[in-house]
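Enquirer: The following block contains the structure, expressed as structure tokens.
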Amino acid sequence: MSRISRITLASAISTVDAMNRHHQEDLADELFKSQPNLFGSVLALRKLGVPADRMELPVKILLGCFQAMKESNIAWPVISEQDLSRQLKRWISSVQMGEYLTPSLRKYSTKVYIDAHPEKDLFAYVVTSMAQWQTDSTAQESDRYAMMAMQNLINCIAYVELPK
């Protein structure tokens with residue numbers, strides 16, 4: 001079951017879209033204080049060669065996800081570096097496994113992955129946003145790092161263990 005409802009996600013996205021730069025900076029400050037590792041995982045994209053002009057969408061997605069976490073009224077634990085690392089390894093393994101599958105099995109495996117994802121709406125938002133980003137601009141080699149970071153972000157949110 002999804003922790004972040006479709007309505008909450010839509011509200012969060014609308015809220016972030018309506019923010020001016022000052023309000024986004026305030027939200028980023030709040031994000032840094034409560035989820036420093038998520039914040040750092042996106043800022044690290046610059047160190048991986050993602051140009052400043054390609055950072056706008058990853059930052060917007062990060063802010064949207066954080067706003068959705070806030071609006072969900074769930075007491076989210078701090079997502080740790082270990083959570084980030086574990087989810088990245090899990091996702092990379094899934095992608096690498098797909099390289100060895102026939103096209104029909106790869107399609108089936110992708111469907112199973114999406115169907116089993118606990119945050120389908122969040123997943124759809126991020127994947128759709130990233131696909132549109134790729135369509136609207138000239139792809140760059142560094143885009144793969146941004147896409148990996150965004151996938152990791154949603155997986156960390158989806159699979160982090162909540163306090164009982």
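Enquirer: Quickly run through segment 25-41 and pick out the residues that are of a type outside the set (A, V, I, L, M), touching a helix residue (DSSP H, G or I) at 6+ places or on another chain (Cβ under 6 Å) and in contact (Cβ under 8 Å) with a residue 12 or more places away in the chain.
Expert: Within segment 25-41, Asn37, Phe39, Ser41 meet the criteria.
Enquirer: Give the residues of segment 61-84 that are farther than 20 Å from Asn20 by Cβ, assigned to a helix (DSSP H, G or I) and not aliphatic (A, V, I, L, M), sorted by residue number.
Expert: Those that are farther than 20 Å from Asn20 by Cβ, assigned to a helix (DSSP H, G or I) and not aliphatic (A, V, I, L, M): Glu81, Gln82, Asp83.
Enquirer: I would also like to ask the following. So which of Ser129, Ser104, Ser137, Ser85 ends up being more than 19 Å from Glu30 (Cα to Cα) and at pLDDT below 90?
Expert: Only one candidate qualifies: Ser137.
Enquirer: So, one more: I need every pair where a residue in segment 1-23 that is in contact (Cβ under 8 Å) with a residue 40 or more places away in the chain and surrounded by 14 or more Cβ atoms within 10 Å (Cβ to Cβ) has its Cβ under 9 Å from the Cβ of a residue that is of a type in the set (D, E, K, R) and in a loop (DSSP other than H, G, I, E, B), sequence separation at least 6 or different chains.
Expert: Between residues of segment 1-23 that are in contact (Cβ under 8 Å) with a residue 40 or more places away in the chain and surrounded by 14 or more Cβ atoms within 10 Å (Cβ to Cβ) and residues that are of a type in the set (D, E, K, R) and in a loop (DSSP other than H, G, I, E, B), the close pairs are Ser2/Glu119; Arg3/Glu119; Ile4/Glu119; Leu9/Glu119.
Enquirer: Would you confirm whether or not segment 110-118 contains a residue that is under 23 Å from Val59 (Cβ atoms) and acidic (Asp, Glu)?
Expert: For segment 110-118, residues under 23 Å from Val59 (Cβ atoms) and acidic (Asp, Glu): absent.
Enquirer: Oh, and also: Any residue that is buried (at least 17 other Cβ atoms within 10 Å of the Cβ) and in contact with a Gly (Cβ under 9 Å, 6 or more places away or on another chain) - is there at least one of those in segment 85-106?
Expert: No, there is no match, as no residue in segment 85-106 is buried (at least 17 other Cβ atoms within 10 Å of the Cβ) and in contact with a Gly (Cβ under 9 Å, 6 or more places away or on another chain).
Enquirer: Restricting to segment 49-58, what's the tally of residues that are part of a helix (DSSP H, G or I) and crowded, with 17+ Cβ neighbours inside 10 Å?
Expert: Matching residues across segment 49-58 total 3.
Enquirer: Another question about this same structure. Collect the residues in segment 131-164 that are surrounded by 12 or more Cβ atoms within 10 Å (Cβ to Cβ), assigned to a loop (DSSP other than H, G, I, E, B) and of a type in the set (S, T, N, Q), keeping them in residue-number order.
Expert: Ser137, Gln140, Ser142
Enquirer: Against the condition closer than 16 Å to Ile157 by Cβ, out of contact with any Gly (no Cβ under 6 Å at 6 or more places or on another chain) and not acidic (Asp, Glu), how does Leu62 come out, does it pass?
Expert: In short, yes.
Enquirer: Looking for something outside any helix (DSSP H, G or I) and of a type in the set (D, E, K, R) - is there at least one such residue anywhere in segment 25-42?
Expert: No: zero hits.
Enquirer: Please tell me if Asp17 is modelled with pLDDT under 95 and more than 29 Å from Pro163 (Cβ to Cβ).
Expert: No; evaluated as a whole, the condition is false for this residue.
Enquirer: Under the condition of being of a type in the set (Asp, Glu) and free of Cβ contacts under 8 Å to residues at least 24 places away in the same chain, which residue from segment 86-134 is nearest to Ala146 (Cα to Cα)?
Expert: Glu99
The values are calculated or read from the model by the stated rules, or taken from the named source; none is laboratory data. All values derive from a computational prediction rather than experimental measurement. Backbone-built Cβ (ideal geometry, glycine too); neighbour counts: all protein chains shown.
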